[in-house]
Amino acid sequence: MLESRPARRPIVVSGDRAPRVHLWQQGCQMNTSDTAQLAEQFAEIGLVPGVALVDADLAVVVTCAVRQHAEDKAASRIGELARWKRERGGRAIAVTGCMAAEHGPALLARFPAVDYVFDVREPDGFFARIRDLYAGALEGPVPLPAGDQLCAYVPVIHGCNEMCTYCIVPFVRGRERSRPQGDVVADVGRLVARGVREVTLLGQNVNSYVDPDAGGGLADLMAAVDRVPGLWRQRFLTSHPRNASPRLLAAIAALPTACEQLHLPVQSGSDSCLRRMKREYRVATYLRTIEAARAAVPGLAVSTDIIVGFCGETEVEFSATLDLVAGVGFDVVHVQAYSPRPGTAAWRRADDVPLAVKRDRLQRILRLQRSISEARNRALIGAEVEVLVEGHGADDGRPYGRTRQGRVAWLDRSASVGELVRTTVTGASAWQLLAA
Ligand code: SAH
Ligand code: SF4
Ligand code: F3S
């Protein structure tokens, strides 16, 4: 899909240089990965990606549609860009991502300043148009800035077949399509050659991955990725509880590069609510999976997503969620208030939990989880951890990075970006660790 205004005139590049692109992104890791991919595609045809907005000729907005709040944020960003566009002739705005998949050309009518709307899954038409329109200003591929990127996302399966009743993702990302294992491994090899040391294998339902060539699952893919020389760490996101198989847990335990981290969204701690959400597992089976995962992988960090205030959620159902959060003792919980999404099955139900109640439930989960996260982190004081140094604090220049479990750790020593440091935890808060 590519929609553009018929009267769209070429970007007028100021000065004698290649057109420059500003990329703005929101949403999940899939969008981060798509945005990186777009940057490469722009560079390939001769535009300079990743510049600051003031220097840009073209602004690309990579949108999310998972909640109304995300759509509102994108709309306000487009509003800001409309002013940016008026400041100098020849600027242009393109919109892609999940809102483009959801609304398509209607976005051109809604936002008069937008010039292009394209599907990020099929961007060829858009890039062909850009190439044609700006041919005079393009001088072949431009080099991407030599990155010191250590961690990268690698999509392994696109789309989702689950159709949870509240969720728009299957509508905007389509049905599941796994990439061939060989392609994924080749991507990881290329990234490692560029200096990347940690990869996160991505999918909306990553553990339903099936290699279209040989039929292997995520555990097999992880074993193949583990064999890429020079890779230190791998993680994967996001797993569905239904597909968290013993083989997958065994792979996390056995593979040297596989990090001890599992993100397993539960959404609700009440079976009746899970049923209305069409989440195909029950609280008891979820708890058994967590137990099995912890038994298989010592030191495993477990995180989850929760929706509060879903259609018809009673106080009793909500307390069951609180009980689950208290019982499991997650390391991290992402909690969101239910936001009705047009076209989903739940859209036809009444959004009957008042906003004030949703907000109150959200705060109650956050308060509970804060004390749990803090206790879990404090229990690590004195333990040895492995930190991959990712950067230095803006204020004090202290090195920070992530442990294998994904916790942020600040180091009390000098260390360079890219160093793998084994050290001891000396302090902890709910959100981060201090280490020697
Ligand atoms: N595939 C992942 C992530 C989907 S979107 C999964 O299965 O969990 C990320 C999170 O956003 C979800 O886990 C859910 O907690 C939340 N979410 C999705 N749709 C939502 C909606 N309509 N309202 C509020 N939160 C939503
Ligand atoms: Fe959405 Fe459910 Fe698929 Fe996750 S598993 S992307 S919540 S439909
Ligand atoms: Fe949002 Fe699309 Fe991701 S809707 S959460 S950016 S798949």
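Looking at the range 110-130, is at least one residue over 26 Å from residue 49 (Cα atoms) and either more than 16 Å from ligand 2 (Cβ to nearest atom) or among the β-branched types (Val, Ile, Thr) (or both)?
Taking the range 110-130 first, the residues over 26 Å from residue 49 (Cα atoms) are 110.
Retained after the next criterion (residues that are either more than 16 Å from ligand 2 (Cβ to nearest atom) or among the β-branched types (Val, Ile, Thr) (or both)): 110.
Yes, the range 110-130 has at least one match.
Select from the range 266-287 the residues that are assigned to a loop (DSSP other than H, G, I, E, B) and either surrounded by fewer than 19 Cβ atoms within 10 Å (Cβ to Cβ) or aromatic (Phe, Trp, Tyr) (or both) and list them in ascending order. Spell out how you get there, then give the answer.
The first filter runs over the range 266-287 and keeps only residues assigned to a loop (DSSP other than H, G, I, E, B), leaving 266, 268-270, 278-282.
Within the range 266-287, 278, 280, 281, 282 meet the criteria.
Please verify whether residue 224 is open to solvent by 30 Å² or more (accessible area, probe 1.4 Å) and either away from ligand 3 (no atom under 16 Å from the Cβ) or modelled with pLDDT of 95 or more (or both), treating the condition exactly as stated.
Working: open to solvent by 30 Å² or more (accessible area, probe 1.4 Å): no; either away from ligand 3 (no atom under 16 Å from the Cβ) or modelled with pLDDT of 95 or more (or both): yes.
Judged against the criteria, residue 224 is not a match.
Identify, please: which residue in the range 323-358 is farther than 29 Å from residue 433 by Cα and in a helix (DSSP H, G or I) and is, among those, most open to solvent (accessible area, probe 1.4 Å)?
Taking the range 323-358 first, the residues farther than 29 Å from residue 433 by Cα are 338-358.
Applying the additional criterion that residues be in a helix (DSSP H, G or I) yields 345-348, 355-358.
Values: 345: 45, 346: 0, 347: 128, 348: 191, 355: 99, 356: 75, 357: 49, 358: 10 Å².
Top of the filtered list is 348.
Give the range 135-186 a look and list any residue that's closer than 26 Å to residue 198 by Cα and within 16 Å of ligand 1 (Cβ to nearest atom), or say none.
Across the range 135-186, the qualifying residues are 153, 155, 156, 157, 158, 159, 160, 173, 176, 177, 178.
Any residue at all in the range 394-409 that's modelled with pLDDT under 95, over 17 Å from residue 263 (Cα atoms) and either surrounded by 14 or more Cβ atoms within 10 Å (Cβ to Cβ) or within 26 Å of the chain's Cα centre (by Cα) (or both)?
Initially, the range 394-409 is screened for residues modelled with pLDDT under 95, giving 394-397.
The next check asks that each one be over 17 Å from residue 263 (Cα atoms); those that pass are 394-397.
When the remaining residues are screened for being either surrounded by 14 or more Cβ atoms within 10 Å (Cβ to Cβ) or within 26 Å of the chain's Cα centre (by Cα) (or both), the result is 394.
Yes: the range 394-409 contains one or more residues that are modelled with pLDDT under 95, over 17 Å from residue 263 (Cα atoms) and either surrounded by 14 or more Cβ atoms within 10 Å (Cβ to Cβ) or within 26 Å of the chain's Cα centre (by Cα) (or both).
Consider residue 290 carefully, then state whether it is in a helix (DSSP H, G or I) and of a type outside the set (D, E, K, R). Full working, then the answer.
Numbers: in a helix (DSSP H, G or I): yes; of a type outside the set (D, E, K, R): yes.
Answer is yes for this residue.
Within the set of pairs 6+ apart or on separate chains, which have a first residue in the range 328-346 that is under 19 Å from residue 28 (Cα atoms), a second that is of a type in the set (Lys, Arg) and near ligand 1 (Cβ under 10 Å from one of its atoms), and C-beta atoms under 9 Å apart?
336/67; 337/67; 337/358; 338/67; 338/358; 339/67; 341/67
Restricting the range 154-184 to residues that are charged (D, E, K, R) and within 29 Å of residue 22 (Cβ to Cβ), which is most open to solvent (accessible area, probe 1.4 Å)?
If we filter the range 154-184 for residues that are charged (D, E, K, R), which is where we start, we get 162, 173, 175-177, 179, 183.
Now narrow it down to the ones that are within 29 Å of residue 22 (Cβ to Cβ): 173, 179.
Numbers: 173: 17, 179: 48 Å².
The selected residue is 179.
Got at least one residue in the range 204-212 being more than 16 Å from ligand 3 (Cβ to nearest atom), part of a loop (DSSP other than H, G, I, E, B) and of a type in the set (Phe, Trp, Tyr)?
Residues of the range 204-212 that are more than 16 Å from ligand 3 (Cβ to nearest atom), as a first pass: 207, 209-212.
Subsequent filtering for residues that are part of a loop (DSSP other than H, G, I, E, B) retains 209-212.
This time we only want the ones that are of a type in the set (Phe, Trp, Tyr), so: 209.
Yes, some residue in the range 204-212 is more than 16 Å from ligand 3 (Cβ to nearest atom), part of a loop (DSSP other than H, G, I, E, B) and of a type in the set (Phe, Trp, Tyr).
Which residues, counting only those in the range 189-221, are among the small types (Gly, Ala, Ser), open to solvent by less than 20 Å² (accessible area, probe 1.4 Å) and under 21 Å from residue 34 (Cα atoms)?
Residue satisfying the conditions is 203 alone.
If the Cβ limit is 8 Å and pairs must be 6+ apart or interchain, which residue in the range 87-114 that is over 24 Å from residue 36 (Cβ atoms) pairs with which residue that is of a type in the set (Lys, Arg) and open to solvent by less than 60 Å² (accessible area, probe 1.4 Å)?
Between residues of the range 87-114 that are over 24 Å from residue 36 (Cβ atoms) and residues that are of a type in the set (Lys, Arg) and open to solvent by less than 60 Å² (accessible area, probe 1.4 Å), the close pairs are 113/85.
Condition first: at pLDDT 95 or above, touching a Ser or Thr at 6+ places or on another chain (Cβ under 8 Å) and closer than 29 Å to residue 89 by Cβ. Now tell me which residues in the range 32-68 satisfy that.
38, 60, 61, 62, 63
Please determine whether any residue of the range 202-210 is of a type in the set (A, V, I, L, M), within 26 Å of residue 403 (Cα to Cα), modelled with pLDDT of 95 or more and within 16 Å of ligand 2 (Cβ to nearest atom).
Filtering the range 202-210 down to residues of a type in the set (A, V, I, L, M) leaves 202, 206, 210.
Those left that are additionally within 26 Å of residue 403 (Cα to Cα): 202, 206.
Add one more test, that the residue is modelled with pLDDT of 95 or more, and what stays is 202, 206.
Adding the requirement that they be within 16 Å of ligand 2 (Cβ to nearest atom) leaves 202, 206.
Scanning the range 202-210, I find at least one residue that is of a type in the set (A, V, I, L, M), within 26 Å of residue 403 (Cα to Cα), modelled with pLDDT of 95 or more and within 16 Å of ligand 2 (Cβ to nearest atom), so the answer is yes.
Could you check the range 154-182 and list, in sequence order, the residues that are of a type outside the set (D, E, K, R) and assigned to a loop (DSSP other than H, G, I, E, B)? So that I can check it myself, show each step before the final result.
So in the range 154-182, the residues of a type outside the set (D, E, K, R) come out as 154-161, 163-172, 174, 178, 180-182.
Correct list: 156, 159, 160, 161, 163, 164, 165, 166, 167, 168, 174, 180.
Assess whether residue 187 counts as being in contact with a strand residue (DSSP E or B) (Cβ under 7 Å, 6 or more places away or on another chain), acidic (Asp, Glu) and assigned to a helix (DSSP H, G or I).
Details: in contact with a strand residue (DSSP E or B) (Cβ under 7 Å, 6 or more places away or on another chain): yes; acidic (Asp, Glu): yes; assigned to a helix (DSSP H, G or I): yes.
Criteria met by residue 187.
Name the residue that is nearest to residue 305 (Cα to Cα), counting only residues in the range 188-203 that are more than 16 Å from ligand 3 (Cβ to nearest atom) and in contact (Cβ under 8 Å) with a residue 60 or more places away in the chain. Reasoning before the result, please.
So the first thing to find is which residues in the range 188-203 are more than 16 Å from ligand 3 (Cβ to nearest atom), and the list is 188-199.
Adding the requirement that they be in contact (Cβ under 8 Å) with a residue 60 or more places away in the chain leaves 195, 197-198.
Numbers: 195: 32, 197: 27, 198: 23 Å.
Within the range 188-203, the match that is nearest to residue 305 (Cα to Cα) is 198.
Considering only the range 46-70, state which residues are open to solvent by less than 20 Å² (accessible area, probe 1.4 Å) and either out of contact with any helix residue (DSSP H, G or I) (no Cβ under 9 Å at 6 or more places or on another chain) or more than 21 Å from residue 167 (Cα to Cα) (or both).
Listed by number, the residues that qualify are 46, 47, 49, 56, 57, 58, 59, 60, 61.
The values are calculated or read from the model by the stated rules, or taken from the named source; none is laboratory data. Owing to the predicted nature of the structure, the values given are computational and were not obtained by experimental measurement. Ideal geometry is used to build each Cβ from the backbone, glycine not excepted, and the neighbour counts take in all protein chains shown. Just so you know, the surface numbers come from the protein's heavy atoms only, side chains and all, with ligands and any DNA or RNA stripped out. Shrake-Rupley method; radii C 1.70, N 1.55, O 1.52, S 1.80 Å.
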